[in-house]
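Only one structure is covered here, and it is reproduced in the block below.
The values are calculated or read from the model by the stated rules, or taken from the named source; none is laboratory data. Just so it is clear, the model here is predicted, and its values are computed rather than measured. In this analysis, Cβ positions are derived from the backbone assuming ideal geometry, glycine residues included, and neighbour counts consider all displayed protein chains.
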Amino acid sequence: MTVSITVVLGFGQIILQIAAAYFSYSIYRFNRLGKGWLLVTAAVIIMTLRRLTALGLEMKLLTASGTFQFIDRFVLPSSISVFLLLGLLSMYRNFESFDVVERKTGEKIKLLAKARKK
Amino acid sequence: MVASEQRSAAIGTVTSMFILSAERYFEGIVSILKGLRGESVIYVTTNKPYSYLIRVLHENGISTDGFFFIDCISQHVGERSSDEEVNCIFLETPSDLTTISIAAHEAVTKLPGDKVLLLDSLSVLLIYNDANAVGKFSNFIINRLRTLGVKTILLALETDSRKDIISQIESLCDEVKR
């Protein structure tokens, strides 16, 4: 019984993560906020794959070889961390650039208006 | 009515789109600018660098004193851009529509007096962005400026006029001139 609840929850988590990946990609398409945001989408997709393999192991559909464990426990989590870091850093820079453009434009308009008054 | 008179008449409306032929493109822009009635111009350029535009406009007898340029191409093509130019903001690329919107909105709201925003051009934006994004961007700019009471002039190449997205944007404009 415990196993079946875990399996059901596992499937539920996978569905939620697929939805998260979809919305993450939609944000990129909707706002065109930069290619960096795609890394966040990639990170969510890898998380989904990891959950899928974990479920496969739990249901004994997969066997955990040495290479598999290395990928599952080191490569994929590291990729998720790096992708999330780079993606969010890229988003941060984007928002920062919006702020810079807004400020610079405002300053230049002020200078232009002053110059015209003279 | 000659072309320049037609253009001048069209500028009296809030939002105008001009479909220009490639051969007489710049001539068309000069004619539009000469038809303005002393408004400040916010010139969004996506295909000619600021330094080139300034020179050519002066050569054609247009004073750029009342102009503010939003240059989306100089940095993209690696031309040196100076922060010291008071009447120009240099943006990184024509593909960043959000930043162009921010700069345009800031310029429109902070610049005093009557003003016109000239977007040169939808055809170039379509090279760097997908059609839906350009459609959303145009819709936002046109309607935002409409609510602010700012005249908007959009330019597009004749060769692009059959594209669905240009037809859709035309429907948002008060007047279309060919």
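What to note about this one:
- Top-ranked residue in region A:1-23 [being at pLDDT 90 or above and polar (S, T, N, Q); ranked as nearest to B:Asn132 (Cα to Cα)]: A:Gln17
- Within region B:74-90, being under 25 Å from B:Leu36 (Cα atoms) and not polar (S, T, N, Q) holds for B:Glu85, B:Val86, B:Cys88, B:Ile89, B:Phe90.
- Any hit, region B:122-143, residues being within 15 Å of the chain's Cα centre (by Cα), among the small types (Gly, Ala, Ser) and closer than 24 Å to A:Ala115 by Cα: no
- Number of the condition not met by B:Asn87 [criteria: (1) within 11 Å of another protein chain (Cβ to nearest Cβ); (2) under 30 Å from A:Arg29 (Cα atoms); (3) among the polar types (S, T, N, Q)]: (2)
- Being in a helix (DSSP H, G or I), farther than 30 Å from B:Asn87 by Cα and among the small types (Gly, Ala, Ser) is true of A:Ala20.
- Among the residues making up region B:135-178, those that are surrounded by fewer than 16 Cβ atoms within 10 Å (Cβ to Cβ) and hydrophobic (A, V, I, L, M, F, W, C) are B:Phe140, B:Leu148.
- In the condition set (1) in contact with a Leu (Cβ under 8 Å, 6 or more places away or on another chain); (2) among the small types (Gly, Ala, Ser); (3) assigned to a helix (DSSP H, G or I), A:Ala64 is compliant with all but (3).
- Of the candidates B:Phe67, B:Phe90, the single residue that is buried (at least 18 other Cβ atoms within 10 Å of the Cβ) and either more than 13 Å from the chain's Cα centre (by Cα) or on the phi > 0 side of the Ramachandran plot (or both) is B:Phe90.
- Boolean, B:Ser123 is in contact (Cβ under 8 Å) with a residue 12 or more places away in the chain, among the small types (Gly, Ala, Ser), closer than 25 Å to B:Thr64 by Cα and surrounded by fewer than 20 Cβ atoms within 10 Å (Cβ to Cβ): no
- Of the criteria (1) within 13 Å of chain A (Cβ to nearest Cβ); (2) without any contact (Cβ under 8 Å) to a residue 12 or more places away in the chain, which one B:Gly113 fails: (2)
- Strands (runs of 3 or more DSSP E) fully within region B:86-171 counting 2 or more residues that are of a type outside the set (Val, Ile, Thr) and touching a helix residue (DSSP H, G or I) at 6+ places or on another chain (Cβ under 6 Å): B:151-157
- Residue check for B:Ile73: more than 14 Å from chain A (Cβ to nearest Cβ) and under 23 Å from B:Ile165 (Cα atoms): yes
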